[in-house]
1. Where does each of Asp139, Asp59 land when they are ordered by accessible area, with a 1.4 Å probe and the largest first?
2. Along the range 112-129, what does the Karplus equation 6.51 cos²θ - 1.76 cosθ + 1.60 (θ = phi - 60°) give for ³J(HN,Hα), rounded to whole Hz, x for Gly and Pro?
3. Please sort by residue number the chymotrypsin sites (Phe, Trp or Tyr not before Pro) in the range 98-196 whose DSSP state is loop and whose Cβ has at most 15 other Cβ atoms within 10 Å.
4. Please report the base-10 log of the normalised intensity I(q)/I(0) for the range 126-268, using a Debye sum with one equal scatterer per alpha carbon and no solvent, at each q in 0.10, 0.14, 0.15 (1/Å).
5. Across the range 213-220, in residue order, what do the Karplus-derived ³J(HN,Hα) couplings come to in whole Hz, using 6.51 cos²θ - 1.76 cosθ + 1.60 with θ = phi - 60° and x for Gly and Pro?
6. At most 12 other Cβ atoms within 10 Å plus a DSSP loop assignment makes a site exposed; report the longest stretch of the chain without any exposed trypsin sites (Lys or Arg not before Pro).
7. In terms of the ratio Rg/(2.2 N^0.38 Å) built on C-alpha atoms, what value belongs to the range 82-193?
8. Among Leu88, Val28, Ile193, which residue has its Cα positioned farthest towards the positive end of the charge dipole of the chain, with +1 placed on the Cβ of Lys and Arg, -1 on the Cβ of Asp and Glu, and the dipole taken about the Cα centre?
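The values are calculated or read from the model by the stated rules, or taken from the named source; none is laboratory data. Since the model is a prediction, treat every value here as computed from it, not as a measurement. Every residue, glycine among them, receives a Cβ derived from its backbone with ideal geometry; neighbour counts consider all protein chains shown. Protein only, heavy atoms only, side chains kept; ligands, DNA and RNA dropped before computing areas. Shrake-Rupley method; radii C 1.70, N 1.55, O 1.52, S 1.80 Å.
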Amino acid sequence: MRVVWSTYKKIRIGILRAVPWSFMVSRVTTGVVQIVFPYFIYIYFMKGNLNSQFSQYTDGADYMTYIVLGAALNVLAVSTLMNIGRALITELREGTLEMLLLAPASRNLYFLGCLLEQTTRAMLEFGTVLLVGAFLGADLRYLLTLRALAAILLAVFGFFCMGIFLSGIMLYTRDTYITQNTLFITMSLICGITYPNQYLPEWVQLFAQIFPLTPAVTLFRNIMIGRQYMGDNFQLILQVLLLSGMYLLAGLWWNKRLERRLIESIFG
């Protein structure tokens, strides 16, 4: 816990001194925009009516609740992936990566410290989006239940594992903006955030299944809208766990190889 807590304090102090609000405000704004624009389109353009195809794809879900739940979980995904994925390259840019690589502390505990710090901020963003969504008419009565909490924690675990893999990509390419923006835009378009991905071509639907966000948001909606239990969604839970395991193993393997190359370059 000393490693986890020290990492938490280091990142939190840096955030408070450098960019205390800008990251949070930008992600909250993005999430709120994903709610507000569809709301005005739904109310003033579609006159509050949806065709039978949408109802079929969403099992009769309420439109605003469907949008709000997707946008809120997308904000949580972006926050987790951004903070975990940028952890190592941020150390590189700040000139502290060499000390981190040579330190005897476990790299896994370091990433857990990053997760703890970002989760405390991400939940504020997540809650803000849900609060605005509730004001616009979303039905969030089942949010404060154990099964909803379990679905959120499972989603965070999936995003965390994918973030470790993403950190290796960013460190290898020495790039954050192109990598993360391409990933986030792709996820928001094909993972069923603001509309059912059944509207997309079949090959795009299959491609969307490689992201933990796709089964996670479906699971979250099944619990919040369909009033289902975790046991009723065994396949979705298994998919999130399998994807998480694959990303975690690939990320740890790749990061270890990158670490060896960096250490060799330091002492070479």
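1. Asp59, Asp139
2. So the J values, rounded to whole Hz, are 5, x, 4, 5, 4, 5, 6, 5, 5, 7, 5, 5, 5, 5, 4, x, 5, 4.
3. For chymotrypsin sites (Phe, Trp or Tyr not before Pro) across the range 98-196 that sit outside H, G, I, E and B with at most 15 neighbouring Cβ atoms in 10 Å, the list reads Tyr142.
4. The calculated log intensity ratios at q = 0.10, 0.14, 0.15 Å⁻¹ are -0.43, -0.77, -0.86.
5. 4, 4, x, 5, 6, 5, 4, 4
6. No qualifying site falls inside 48-140, the longest such stretch.
7. It is 1.26.
8. Value: Leu88.
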